[in-house]
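A.B. asks: Before we start, here is the structure in question, set down as structure tokens.
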Amino acid sequence: MRTAKSKHLIVISYDAFSQDNWELASRLPNLSKLVKNGAYSTSLKSVYPTLTYVVHTTMVTGVYPDKHGIYHNNPFQPFVPEAEQRWFWYKKEIKVPAIYDALKKHHLKSAGILWPVTGRTAIDYNLPEIRAIKNENQVLKILRNGSPLYCLGLEKNFGRFRKGIEQPYLDDFTTMCAVDTIIKKKPNLLLMHLIDLDDAKHHQGTDSPEVEQAMLRMDERLGDLIEAVEKAGLKEQTTFLVVGDHGQINIRYRVKLNQLLKEAGLIYRENGKMKWRAYIQSAGGAAYLYLRENDLEAEQMAVAILNQAINKDCYGIERLYSRAELDQLHAESSVSYMLEAKIGYCFDDDLDGPVVIPVDALEGDHATHGYSPDKPDYQCVFVASGTDIKNNFQLGEIQMVDIAPTMATILGIDFYDCDGRPLEEIFKDKTPRF
């Protein structure tokens, strides 16, 4: 075990916090305080595809999706309506150890509040992000997969402030839970996930007044967390990390490419049941092409159909990635092809209606993510702030895989072999000067 930079680390996932938000966010009272006493980057490069569960798993493991195995928010479930699909909720689905596993080995305490893919983890105080589907009971599902007494205490004290998943109430609830946890539990590591900004972008667009309002609320929440650390007497022993997971891009058209496969007979009905030889799983601005095993004819047909579609502007396909290209992107290894959408377009699994539909502003569906992290002006924001962090220090491009080993370095613990590196350059030089 190495010398810790801080005894306590608070990691705030600021969902959808990207470089286009920096000008406003960096001028707000609480984030600007963290920046003044810390290091920052507006060029944090995410992973492919830029979906929340994929990225958050990289944040805590330090490896790309081809190693950690969380390739989408949802496992592949053809023909299952989105509202009924299960998500990657459980730690057992991650193929490698995470930062909280390393804490357990070093006998340090961890807490997680609505952090993705943390059902049944080694986290000591855990309120997992998990949702009841079909006939499940939401409360029982949380209790079975989180820390029961901890979850019950938070629900008793703060549940009345929440209104389901409606914002800003959900993030207010999360922040209240975090404040209470900091003061009462004093964990060495707190992971928390705030989604108000992401929600505003999805429903109102990236440049809407609602986005600005969400950012103002977020800064107030940061203030509550800073105040809690001071109240707990932990100010000199605490480092904050504020991390965006992806940007968002405004959309004008939704494209249902499974319709093209259906027209060619690659998706069909047999004996009253829907079946597939080729199927596209949307990831917003990207999509996976699944192929029946050893069905070379289906592969040839599907690839030909998609290459033809690329040549028609109306389908909004920027490119079809081959497996060799996906290896360079460290994308999920079980698929041979992925699709990338052009700016202004996103993909949809739906099998009904027109192939291309304009986005209706009245439906509240204005922006999305999932696109390649190489899209222009699409990188994320990173802020680290604490007594051992350089002041107002600007980093260049850093990688999402660097977050986990940096957490380990801050806490002074050994971490597992990973794809990232600790951001040693953010720390003050402790070498004696003569």
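The values are calculated or read from the model by the stated rules, or taken from the named source; none is laboratory data. Worth saying up front: this structure is predicted, and the values here are computed from it rather than measured. When we count neighbours, we look across all protein chains shown, and the Cβ atoms used for this are built from the backbone with ideal geometry, even at glycine.
A.B. asks: Quick one: is residue 294 of a type in the set (S, T, N, Q), more than 28 Å from residue 63 (Cα to Cα), modelled with pLDDT of 95 or more and in contact with a Leu (Cβ under 7 Å, 6 or more places away or on another chain)?
C.D. replies: no
A.B. asks: Could you tell me which numbered condition residue 284 fails, if it satisfies all but one of (1) in contact with a Ser or Thr (Cβ under 6 Å, 6 or more places away or on another chain); (2) in a helix (DSSP H, G or I); (3) closer than 18 Å to residue 320 by Cβ?
C.D. replies: Single failed check for residue 284: (2).
A.B. asks: Could you go through the stretch 36-45 and let me know if any residue there is part of a helix (DSSP H, G or I), touching a residue at least 12 places away in the same chain (Cβ under 8 Å) and surrounded by fewer than 24 Cβ atoms within 10 Å (Cβ to Cβ).
C.D. replies: Checked against the condition, which is being part of a helix (DSSP H, G or I), touching a residue at least 12 places away in the same chain (Cβ under 8 Å) and surrounded by fewer than 24 Cβ atoms within 10 Å (Cβ to Cβ), the stretch 36-45 yields at least one hit.
A.B. asks: Could I ask something else about it? Run residue 106 past the list (1) at negative phi; (2) under 25 Å from the mean Cα position of the chain (by Cα) and report the number of the one that doesn't hold.
C.D. replies: (2)
A.B. asks: Another one. Of 233, 247, which residue is closer than 25 Å to residue 4 by Cα and part of a loop (DSSP other than H, G, I, E, B)?
C.D. replies: 233
A.B. asks: Mind counting the residues in the stretch 46-88 that are in contact with a Pro (Cβ under 7 Å, 6 or more places away or on another chain) and either in a loop (DSSP other than H, G, I, E, B) or in the same structural domain as residue 261 (by TED's automatic domain parsing) (or both)?
C.D. replies: The number of residues fulfilling the criteria is 8.
A.B. asks: Note down all Cβ pairs under 7 Å where the first residue falls in the stretch 134-155 and is closer than 22 Å to residue 82 by Cα and in the same structural domain as residue 175 (by TED's automatic domain parsing), the second is in a helix (DSSP H, G or I) and not aliphatic (A, V, I, L, M), and they're at least six residues apart or on different chains.
C.D. replies: So the pair list comes out as 134/84; 142/151.
A.B. asks: Can you pull out every residue in the stretch 310-327 that is of a type in the set (A, V, I, L, M, F, W, C), touching a Phe, Trp or Tyr at 6+ places or on another chain (Cβ under 9 Å) and surrounded by 13 or more Cβ atoms within 10 Å (Cβ to Cβ)?
C.D. replies: 317, 320, 326
A.B. asks: At pLDDT below 95, surrounded by fewer than 17 Cβ atoms within 10 Å (Cβ to Cβ) and of a type outside the set (Phe, Trp, Tyr): is that true of residue 81 in this structure?
C.D. replies: Yes: the conditions hold for residue 81.
A.B. asks: Looking at the stretch 314-368, which of the residues that are at positive phi and at pLDDT below 95 is nearest to the chain's Cα centre (by Cα)?
C.D. replies: Among those that are at positive phi and at pLDDT below 95, it is 364.
A.B. asks: If residue 186 meets every condition in (1) outside any loop (DSSP other than H, G, I, E, B); (2) farther than 26 Å from residue 72 by Cα apart from one, which number is that one?
C.D. replies: Only one criterion is unmet by residue 186, namely (1).
A.B. asks: Can you name every residue in the stretch 212-251 that is under 25 Å from residue 398 (Cα atoms), out of contact with any strand residue (DSSP E or B) (no Cβ under 9 Å at 6 or more places or on another chain) and not acidic (Asp, Glu)?
C.D. replies: Once the filter is applied, which keeps residues that are under 25 Å from residue 398 (Cα atoms), out of contact with any strand residue (DSSP E or B) (no Cβ under 9 Å at 6 or more places or on another chain) and not acidic (Asp, Glu), the stretch 212-251 yields only 215.
A.B. asks: Just need a number here: residues in the stretch 111-168 that are among the hydrophobic types (A, V, I, L, M, F, W, C) and within 15 Å of residue 88 (Cα to Cα).
C.D. replies: Qualifying residue count for the region: 7.
A.B. asks: For residues in the stretch 104-135 being of a type in the set (A, V, I, L, M) and assigned to a strand (DSSP E or B), which is nearest to residue 193 (Cα to Cα)?
C.D. replies: For the stretch 104-135, the residue satisfying everything is 113.
A.B. asks: Just checking, does the stretch 287-308 include any residue being in contact with a strand residue (DSSP E or B) (Cβ under 9 Å, 6 or more places away or on another chain), among the small types (Gly, Ala, Ser) and in a loop (DSSP other than H, G, I, E, B)?
C.D. replies: No.
A.B. asks: Where the second residue is surrounded by 15 or more Cβ atoms within 10 Å (Cβ to Cβ) and polar (S, T, N, Q) and the first is under 15 Å from residue 250 (Cβ atoms) and lies in the stretch 208-220, which pairs have Cβ atoms under 7 Å and are six or more apart or on separate chains?
C.D. replies: Pairs that qualify, where the first residue is under 15 Å from residue 250 (Cβ atoms) and the partner is surrounded by 15 or more Cβ atoms within 10 Å (Cβ to Cβ) and polar (S, T, N, Q), are 210/204; 211/204.
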